[in-house]
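Data first, discussion second: the structure below is written as structure tokens.
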Amino acid sequence: MFDYYKKMEEKTRLGLFLFAIRITGRYNKFMYLISLYFDEKTNKKIQLLIDNIARGSDNTYMIDKQVPPHLTMMAFESKLPQDELIGIVEKVVSRQPEGQLHWVSAGVFLSQVIYLAPVLNEYLQRLMEKVYDALSVQPDTKIQSCYRPYGWFPHTTVAKKLSQEQMQAAFAVLQKEFAPFEGHVVKIGLSETTPKREIISWNTIER
């Protein structure tokens, strides 16, 4: 009789534990990013600019945080189980062809961030809309307003958390070293922000 009640108690504890896991996964929201990554030649060009701006401005945030050259295409919160989320994104991007980008200008966000801006071409617009259409219909998923169609401004950050003096020094470097250039998207990655880590990535298909 004692063994029977002991087994029942163990089953009850196990049931409560599994229920707690389900509740935690259901009601916790996580922040995700979908980003584009570039060919080796383009990475070297952008990274050299990041390094030179860091030296010239004495701001090493991008280097200290080991931020690779990239372009964030989507930022969103979701309560969906991660494996389900991966499946949704994979259907859209896993067979995506390699795309060509043209960075033609540089600019500033909030007086603290310097970015390089590519032309919003058909490749970027269509890919962004496909990902948006797939995610926007999902339950418990909210896309940030600046990553929605006609609200998205594609950019590649090269310096961040700059003071006024550092901003001036950084732009002096840009004036000397930046010129329009081309590159290719060779990988698309899904990552989470807390902690920052890549969950999975897909290589694009060479044309």
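The values are calculated or read from the model by the stated rules, or taken from the named source; none is laboratory data. Note that the structure is a prediction, hence the values are computed from the model and not measured. All Cβ positions, even for glycine, are placed from backbone atoms using ideal geometry, and neighbour counts span all protein chains on display.
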Residues of the range 156-181 being of a type in the set (D, E) and assigned to a strand (DSSP E or B), which ones? none
Counting just the residues of the range 133-171 that are hydroxyl-bearing (S, T, Y) and crowded, with 20+ Cβ neighbours inside 10 Å, which one comes out farthest from M31 (Cα to Cα)? T156
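Rundown of residues vs (1) of a type outside the set (V, I, T); (2) within 17 Å of the chain's Cα centre (by Cα); (3) buried (at least 16 other Cβ atoms within 10 Å of the Cβ); (4) farther than 22 Å from E177 by Cα, yes/no style:
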| site | (1), (2), (3), (4) |
| --- | --- |
| T60 | no, no, no, no |
| E84 | yes, no, no, yes |
| Y123 | yes, no, yes, yes |
| E129 | yes, yes, no, yes |
Need the failing condition index for R197 against (1) modelled with pLDDT of 95 or more; (2) closer than 24 Å to F76 by Cβ; (3) in a strand (DSSP E or B), just the number. (1)
Among (1) hydrophobic (A, V, I, L, M, F, W, C); (2) touching a residue at least 12 places away in the same chain (Cβ under 8 Å); (3) farther than 18 Å from G107 by Cβ - the single one V137 does not satisfy: (2)
Can you name the residue in the range 180-196 that is among the β-branched types (V, I, T) and more than 13 Å from L101 (Cα to Cα) and is also surrounded by the most Cβ atoms within 10 Å (Cβ to Cβ) among such residues? I188
Contact list, first residue from the range 43-60 and within 19 Å of A117 (Cα to Cα), second anywhere and among the hydrophobic types (A, V, I, L, M, F, W, C) and part of a loop (DSSP other than H, G, I, E, B), beta-carbon distance below 7 Å, six or more apart or interchain, is L49/F178
Collect the residues in the range 16-60 that are in a helix (DSSP H, G or I), of a type outside the set (A, V, I, L, M, F, W, C) and modelled with pLDDT under 95, keeping them in residue-number order. R22, T24, G25, R26, Y27
Please go through the range 153-171 and give me each residue that is touching a residue at least 40 places away in the same chain (Cβ under 8 Å) and polar (S, T, N, Q), ordered by number. T156, T157, S163, Q164, Q166
